[in-house]
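Structure first, commentary second.
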Protein chains: 4
Amino acid sequence: MQRDVSAHLTLDVTTPATLALAVAVAAGHDADERLTVTLDGRPVPVRELADEHGTRLHVLDAGPGALVVDYVARVAGSAAEPVPPTEAELLRHLRPSRYCESDTLGPTARAEFAGLADADLLAAVSSWVGTHLAYVPGSSLPTDGAVRTLLARRGVCRDYAHLVVALLRALDVPARLAAVYAPGLDPMDFHAVAEAWVGGAWRVVDATTLAPRSSLLRIATGRDASDTAFLSVHHGAATLREMTVSAVVDELPADDVRTLVSIA
Amino acid sequence: MQRDVSAHLTLDVTTPATLALAVAVAAGHDADERLTVTLDGRPVPVRELADEHGTRLHVLDAGPGALVVDYVARVAGSAAEPVPPTEAELLRHLRPSRYCESDTLGPTARAEFAGLADADLLAAVSSWVGTHLAYVPGSSLPTDGAVRTLLARRGVCRDYAHLVVALLRALDVPARLAAVYAPGLDPMDFHAVAEAWVGGAWRVVDATTLAPRSSLLRIATGRDASDTAFLSVHHGAATLREMTVSAVVDELPADDVRTLVSIA
Amino acid sequence: MQRDVSAHLTLDVTTPATLALAVAVAAGHDADERLTVTLDGRPVPVRELADEHGTRLHVLDAGPGALVVDYVARVAGSAAEPVPPTEAELLRHLRPSRYCESDTLGPTARAEFAGLADADLLAAVSSWVGTHLAYVPGSSLPTDGAVRTLLARRGVCRDYAHLVVALLRALDVPARLAAVYAPGLDPMDFHAVAEAWVGGAWRVVDATTLAPRSSLLRIATGRDASDTAFLSVHHGAATLREMTVSAVVDELPADDVRTLVSIA
Amino acid sequence: MQRDVSAHLTLDVTTPATLALAVAVAAGHDADERLTVTLDGRPVPVRELADEHGTRLHVLDAGPGALVVDYVARVAGSAAEPVPPTEAELLRHLRPSRYCESDTLGPTARAEFAGLADADLLAAVSSWVGTHLAYVPGSSLPTDGAVRTLLARRGVCRDYAHLVVALLRALDVPARLAAVYAPGLDPMDFHAVAEAWVGGAWRVVDATTLAPRSSLLRIATGRDASDTAFLSVHHGAATLREMTVSAVVDELPADDVRTLVSIA
């Protein structure tokens, strides 16, 4: 499997800021990649930080001006076998987080999915979320979590994934969010999916069913979108003007919803 | 400095459950300690897990019955010098979390604390939270975060700390929650304080001002109370029946609110 | 049909306050009744105000002390035929209110009850609310509305009624709340039910199914519990210490959930 | 005083709907007015309903098509002296409503405005809301109430008025919302202000201070925007395409914030 991905961002930095980008493929890939950042046409130094779960953050300080981010990568084969999570890490992924309010959604989860476990539970939650929500671009706010998504009955990939994660955690299944490049996604964009720990591995749950799971390419992994945002702005202000994402795989795989799939 | 602490919990386990306890002092202490757990009078095996930031979880599986947890520790001197956080870890502590909705509280934080930084900012936030809230035992719910605390204008130590953390993160100051034993606290209980990264160290912010900061003894550290709960119940159900906490230090130190203090 | 009802309240008025009571049967009944209010044993003057929909408020000003409210009524026959609502009034009962957030619950209502109308819709909403919620005394807060009730999946009669009202309004069915005496209710207390405008009359929807609808005796009617509270305290503070309610009918009627019933 | 106002709305009715318009000046004015509604160029019959407080609703049923609403009025002099509210009506305006959650905002109101009453309280609340919020067109959602407005620290006239109303009710001052034509408003639009019952009259509180209070021309009055919306759509769907509002007075009056002013 060969995957070619790219991200192109244009921002107006209006107040000097520290920007953290999560656009590069996660550690553990055989990637031929290039990241360039310019401010008003001049290169900006970027430092790479290792965040949890192999997430690679690219951080830079930039004064006011037009910032352009260009990332391109060719990834050969699958990711290296991940280090198995510790039991403490799995416990951590049972806890509620900012956008996955599993405590508030506990009554819903227990009422809707009583008696289900493992693969059956993943299938049921995925189907329930997929049928309860309508995919409506632009329908949610950055501060929306799973509770508001369920009430609004609509959202985008991030919202679908948050609701899946919250319901699973409420049922004592460790779950987390992954930001990914998603070959086959239409319209193309960054994508987000849930991952649940079932049968000794992190399994993808993508209630949007908008892209084959086996060719997803991991960028960032965390408790929810607060950990996986492609852009975080600190100590200043910046506005995203334009963004283009691409992701292709040499051969787009089929996806059978009845099988368990891990991000590779 | 010598500190003697203990925690005694009695629970009814009504459905067989996995319980995670965070009652032991954090790693890095010279502690003489003993933890015993019994179910209906018989010892229950406990496994210790290393969570983040030196938090030590004690996890056990227990069928139905009366569970008794007894922890006692004598701690000599201060904690070992902590490993300095990475830049990625500091960035992580800028993110909103379940009970510290720094995104929603951003407008409040920016309006109330414009122009302040470092020690001045910590003092201002601590004072603001301390004067805006009334300490009312039993006034908050487990699902309450900083937003509801601010609206209710009351809470307990956990709520004070969540509001401090949320406001600081909104102002791009890394902040986290610490569960501690707090000599001098009255009435005695587990205590929770905020920690903010200022001047190259984690500094305590305790807007309750209910106990001297320099004799606090760290138990658990995390993004908010979801990471530091003294008890988490999974895959079953248990009810806390009774809890007694004690914490004494050989000499209770003075506390000058104008100084920066780290948990030692 | 003869109904005998009573309410006995004991309050501590801690700061001189104006209290509004809604404990008397609504206007339009042939009632033999007596209301007495005393403060520290001395009679307190009470003025009766006519609120909307026949609600009778009894208002009094009382300084600090122990306030005792005693209401007893014997009601012969049914209520007088109500004045039919104007079209404007019906439109008013489509609007969201404090505890019936029909705007926020619109997506849920439209997804769950598409294609249903009139008696079928009432039956479906009643059944859905009845099966989604668990009746748990003390499980809700005074500030809880239908949204929080749905998330918590539990509540008391007030919460059931609010959720019914919110869902119906979202579907363009005029709906309101009625506080009632409810012969047959067990344990006995004030009761609250929804009323929906279907087929030219206000029809009771009581998703709790805890008392026969045809012997309900109306007290107060309004948009939600903010209009029908048995006690409102203004300009001061009072604490309810004790409350006893009774309601009996000479012959407790049967109740067939498939029929439309109006409060008589 | 002569006021000339108009409203022009263009809507796409996508599913046959019942529309309720609140665009005409309230009852009690000496108005020379004309309201025309057309669907795809053909006149649509309109019925006028008398809502509470003199609000005049214009209701119509319209199939799919392009709906155009044209309202123009010349109003000579002031409104007729209003009928004084009953005590029950004043009590009603102390209750929380959908967008004025005075119960949730009680702690804030009591902490910020302790000891103030009457004109001083109105001035203090108006000033506090005016300085806490930023006027940002498009910054709020239709489902936002006073709580979210306070957290967001921004909004439009409707949000300012909701926050004023909620704070006043929490302090036991009867308060309501008025939708008005507002000569001098820039940019011109429908306007919303709070009204508080102080000194035996409804007094305008407009924390936006965007238009002189004494030339405001009342359209609709109610508990909050749920009662005063210029357009409500029932049993179908319609999208507002375009709206133009005008309001001029022969001589724009001065406005002294220290005086109490009633809508005339």
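The values are calculated or read from the model by the stated rules, or taken from the named source; none is laboratory data. Small disclaimer: the values here were computed from a predicted structure and weren't measured. FYI the Cβ positions are ideal-geometry reconstructions off the backbone, even for glycines, and counts take in every protein chain you see.
When you scan region A:14-23, do you find a residue that is outside any strand (DSSP E or B), away from chain B (no Cβ under 14 Å) and modelled with pLDDT under 95, even just one?
No, region A:14-23 has no match at all.
For region C:104-119, indicate whether the set of residues that are within 29 Å of C:ARG3 (Cβ to Cβ) and crowded, with 22+ Cβ neighbours inside 10 Å is non-empty.
No - not one qualifying residue is present in region C:104-119.
Just to be sure, is C:ALA247 farther than 28 Å from C:LEU91 by Cβ, in a strand (DSSP E or B) and touching a helix residue (DSSP H, G or I) at 6+ places or on another chain (Cβ under 9 Å)?
Working: farther than 28 Å from C:LEU91 by Cβ: yes; in a strand (DSSP E or B): yes; touching a helix residue (DSSP H, G or I) at 6+ places or on another chain (Cβ under 9 Å): yes.
Answer is yes for this residue.
Taking the conditions exactly as written (within 13 Å of another protein chain (Cβ to nearest Cβ) and within 22 Å of D:ARG148 (Cα to Cα)), does A:VAL147 satisfy them or not? If you could, list the steps in order and put the result at the bottom.
Values: within 13 Å of another protein chain (Cβ to nearest Cβ): yes; within 22 Å of D:ARG148 (Cα to Cα): yes.
Spelling it out, A:VAL147 is indeed within 13 Å of another protein chain (Cβ to nearest Cβ) and within 22 Å of D:ARG148 (Cα to Cα).
Looking only at region D:172-182, which residues are in contact with a Leu (Cβ under 6 Å, 6 or more places away or on another chain) and either modelled with pLDDT under 95 or closer than 28 Å to D:ASP250 by Cβ (or both)?
Of everything in region D:172-182, those that are in contact with a Leu (Cβ under 6 Å, 6 or more places away or on another chain) and either modelled with pLDDT under 95 or closer than 28 Å to D:ASP250 by Cβ (or both) turn out to be D:VAL180, D:TYR181, D:ALA182.
Filter region C:120-144 down to the residues that are among the polar types (S, T, N, Q) and within 19 Å of C:LEU210 (Cβ to Cβ), then identify the one that is surrounded by the most Cβ atoms within 10 Å (Cβ to Cβ). If you could, list the steps in order and put the result at the bottom.
If we filter region C:120-144 for residues that are among the polar types (S, T, N, Q), which is where we start, we get C:126-127, C:131, C:139-140, C:143.
Remaining after also requiring within 19 Å of C:LEU210 (Cβ to Cβ): C:126-127, C:131, C:139-140.
Details: C:SER126: 23, C:SER127: 13, C:THR131: 10, C:SER139: 16, C:SER140: 18.
Here the residue is C:SER126.
Of these, B:ALA161, B:ALA220, which one is within 14 Å of chain A (Cβ to nearest Cβ) and either buried (at least 22 other Cβ atoms within 10 Å of the Cβ) or part of a strand (DSSP E or B) (or both)? Even if it seems obvious, please write down each step before you answer.
Working: B:ALA161 fails: within 14 Å of chain A (Cβ to nearest Cβ).
Result of the check over B:ALA161, B:ALA220: B:ALA220.
Looking at C:ALA178, C:ALA166, C:ALA211, can you tell me which residue is more than 14 Å from every other protein chain (Cβ to nearest Cβ), buried (at least 21 other Cβ atoms within 10 Å of the Cβ) and under 17 Å from C:TYR99 (Cα atoms)? Don't jump to the end; show me each part of the working.
Details: C:ALA166 fails: more than 14 Å from every other protein chain (Cβ to nearest Cβ); C:ALA211 fails: under 17 Å from C:TYR99 (Cα atoms).
Of C:ALA178, C:ALA166, C:ALA211, the one residue that is more than 14 Å from every other protein chain (Cβ to nearest Cβ), buried (at least 21 other Cβ atoms within 10 Å of the Cβ) and under 17 Å from C:TYR99 (Cα atoms) is C:ALA178.
Table: residues versus (1) touching a residue at least 60 places away in the same chain (Cβ under 8 Å); (2) not β-branched (Val, Ile, Thr).
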position: A:VAL13; (1), (2): yes, no
position: A:VAL25; (1), (2): yes, no
position: A:HIS29; (1), (2): yes, yes
position: A:VAL46; (1), (2): no, no
position: A:HIS58; (1), (2): no, yes
position: A:ARG74; (1), (2): yes, yes
position: A:ARG95; (1), (2): yes, yes
position: A:SER102; (1), (2): yes, yes
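Scan D:ARG98, D:ARG169, D:ARG158 and give me the residue that is touching a Gly at 6+ places or on another chain (Cβ under 8 Å), basic (Lys, Arg) and at pLDDT 95 or above.
Going through D:ARG98, D:ARG169, D:ARG158 in turn, the sole match is D:ARG98.
Only residues that are among the hydrophobic types (A, V, I, L, M, F, W, C) and more than 18 Å from the chain's Cα centre (by Cα): list them for region B:76-89, please.
The initial filter retains those residues of region B:76-89 that are among the hydrophobic types (A, V, I, L, M, F, W, C), namely B:76, B:79-80, B:83, B:88.
Correct list: B:ALA76, B:ALA80, B:VAL83, B:ALA88.
For C:GLY222, state whether it is modelled with pLDDT of 95 or more, in the same structural domain as C:ASP30 (by TED's automatic domain parsing), touching a Ser or Thr at 6+ places or on another chain (Cβ under 7 Å) and not hydrophobic (A, V, I, L, M, F, W, C).
Numbers: modelled with pLDDT of 95 or more: yes; in the same structural domain as C:ASP30 (by TED's automatic domain parsing): no; touching a Ser or Thr at 6+ places or on another chain (Cβ under 7 Å): yes; not hydrophobic (A, V, I, L, M, F, W, C): yes.
Against the criterion (modelled with pLDDT of 95 or more, in the same structural domain as C:ASP30 (by TED's automatic domain parsing), touching a Ser or Thr at 6+ places or on another chain (Cβ under 7 Å) and not hydrophobic (A, V, I, L, M, F, W, C)), C:GLY222 does not qualify.
Of all residues in region A:181-192 being surrounded by 24 or more Cβ atoms within 10 Å (Cβ to Cβ) and free of Cβ contacts under 8 Å to residues at least 60 places away in the same chain, which is farthest from the other protein chains (Cβ to nearest Cβ)?
Result: A:HIS191.
Tell me which residues, restricted to region D:130-139, are closer than 21 Å to B:GLU112 by Cβ and either more than 12 Å from every other protein chain (Cβ to nearest Cβ) or free of Cβ contacts under 8 Å to residues at least 40 places away in the same chain (or both).
To start, the set of residues in region D:130-139 that are closer than 21 Å to B:GLU112 by Cβ comprises D:130-136, D:139.
Of everything in region D:130-139, those that are closer than 21 Å to B:GLU112 by Cβ and either more than 12 Å from every other protein chain (Cβ to nearest Cβ) or free of Cβ contacts under 8 Å to residues at least 40 places away in the same chain (or both) turn out to be D:GLY130, D:THR131, D:HIS132, D:ALA134, D:TYR135, D:VAL136, D:SER139.
Any chance region B:54-62 includes a residue that's assigned by TED's automatic domain parsing to the domain that holds B:GLY145 and touching an Asp or Glu at 6+ places or on another chain (Cβ under 8 Å)? Give the steps one after another, and end with the answer.
Start the filter on region B:54-62 by keeping residues that are assigned by TED's automatic domain parsing to the domain that holds B:GLY145, which leaves none.
For region B:54-62, residues assigned by TED's automatic domain parsing to the domain that holds B:GLY145 and touching an Asp or Glu at 6+ places or on another chain (Cβ under 8 Å): absent.
In region C:230-263, how many residues are more than 24 Å from C:ARG176 (Cβ to Cβ), within 19 Å of the chain's Cα centre (by Cα) and within 14 Å of chain D (Cβ to nearest Cβ)?
The total comes to 0.
For region C:232-252, give me each residue that is loosely packed, with under 15 Cβ neighbours inside 10 Å and either under 24 Å from C:SER126 (Cβ atoms) or charged (D, E, K, R) (or both).
C:ARG241, C:GLU242, C:ASP250, C:GLU251, C:LEU252
Which one of C:ALA114, C:ALA152 is at pLDDT 95 or above, in the same structural domain as C:TRP197 (by TED's automatic domain parsing) and not hydroxyl-bearing (Ser, Thr, Tyr)?
On the way: C:ALA114 fails: at pLDDT 95 or above.
Within the list C:ALA114, C:ALA152, the selection yields C:ALA152.
Among the residues of region C:1-38, count how many are of a type in the set (D, E, K, R), farther than 20 Å from C:ASP51 by Cα and loosely packed, with under 14 Cβ neighbours inside 10 Å.
Our first condition is that a residue be of a type in the set (D, E, K, R); within region C:1-38, this holds for C:3-4, C:12, C:30, C:32-34.
Subsequent filtering for residues that are farther than 20 Å from C:ASP51 by Cα retains C:3-4, C:12, C:32.
Next cut, loosely packed, with under 14 Cβ neighbours inside 10 Å only: C:12, C:32.
Selection size over region C:1-38: 2.
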